[in-house]
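Below is one structure, written out as structure tokens; the observations come after it.
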Amino acid sequence: MGKYINNFEFTISNNSETKEKLKSYFKSYDFEQVKDENENLLFVKKWSILNGWKFNPLNWETKIDIKLTENNKVIINHIVHSNGFLTPIAFKSLFEKFLLNLEQFVEFDIKHKPNNIQEIKLAKEKVFKYHGILILGTVVGMFLGIIISNATGIKLLGTVGIIVGTIATEKIMNKYLENNNNLQHRI
């Protein structure tokens with residue numbers, strides 16, 4: 001399923017308040033700050049067993065490494081892992097806008113909550129849709145498994161149908177999402 005990896009940077013005019021604004025921004029989205037050394041910050045969301053049921057992609061396992069440079073640049077390395085079912089690449093629009101809103105907040109004090117709330121809402125709708133497709137694939141696999149099981153008399157094939165339906169749907173859906181998002185990014 002891969003990871004979403006993005007390197008983002010922007011220039012700031014006032015370096016004195018930047019660190020506190022960065023901390024405030026990520027704290028408002030429940031990121032845990034695990035490092036604050038010199039001009040380096042690290043924010044994370046840790047993996048949990050419930051990741052597959054977290055519908056907000058901002059709550060998936062994430063690492064945001066930030067470096068403040070002497071020439072007034074903020075350099076961000078952003079990594080998001082899958083929720084166990086969906087590729088995070090399908091939500092790159094959310095992640096990119098999340099960082100653009102960060103830049104606007106840090107540099108110009110523009111409120112970020114309304115824009116991020118809208119982006120999160122759209123991402124959650126996509127997660128629900130993709131989970132629905134996954135459930136549909138599982139049900140189709142179950143029915144095919146039952147049909148094959150009844151035709152052959154081998155009961156185990158019913159269970160195999162469920163597993164194959166789920167895995168095949170997940171693989172096909174994620175491949176489609178990765179290809180679709182990579183094509184959009186190149187244009």
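The values are calculated or read from the model by the stated rules, or taken from the named source; none is laboratory data. For clarity, every value in this text was computed on a predicted model and none was experimentally measured. As a convention, Cβ positions derive from the backbone with ideal geometry for all residues, glycine included, and neighbour counts pool all protein chains shown. The protein model used for the area step is the full one, side chains on, heavy atoms only, and it has no ligands, DNA or RNA in it. Shrake-Rupley method; radii C 1.70, N 1.55, O 1.52, S 1.80 Å.
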Largest-first principal axis extents, alpha carbons of the chain, Å: 73, 34, 25
Between region 87-103 and region 10-49, the Cα center-to-center distance that results, in Å: 16
Per residue value of the accessible surface for the chain (all protein chains in place, 1.4 Å probe), Å²: 58
Environment charge at S48 (Cβ cut-off 10 Å; Lys +1, Arg +1, Asp -1, Glu -1): +2
Structure-based [θ]222 nm, the chain - -39500 (n - 2.57) summed over DSSP H runs of at least 4, per residue, nearest 500: -18500 deg cm²/dmol
Under Karplus coefficients 6.51, -1.76 and 1.60, residue-wise ³J(HN,Hα) of region 6-13 in Hz, glycine/proline x: 9, 10, 10, 9, 8, 9, 10, 9
Pair N71, E39: separation of 7 Å Cα→Cβ label points (nm): 1.1
Where a label projected 7 Å from the Cα of V160 along Cα→Cβ would reach, residues of region 126-153 with amide N under 17 Å: 141-153
Derived scalar couplings ³J(HN,Hα) [region 72-83; Karplus, 6.51 cos²θ - 1.76 cosθ + 1.60; whole Hz; x for Gly, Pro]: 6, 10, 10, 10, 10, 10, 10, 10, 10, 9, 5, 8
³J(HN,Hα), Karplus 6.51/-1.76/1.60, whole Hz, each residue of region 110-117, x for Gly, Pro: 7, 5, 9, 4, x, 5, 5, 4
Residues whose placed amide H lies under 5 Å from that of E61, excluding near-sequence neighbours: H81
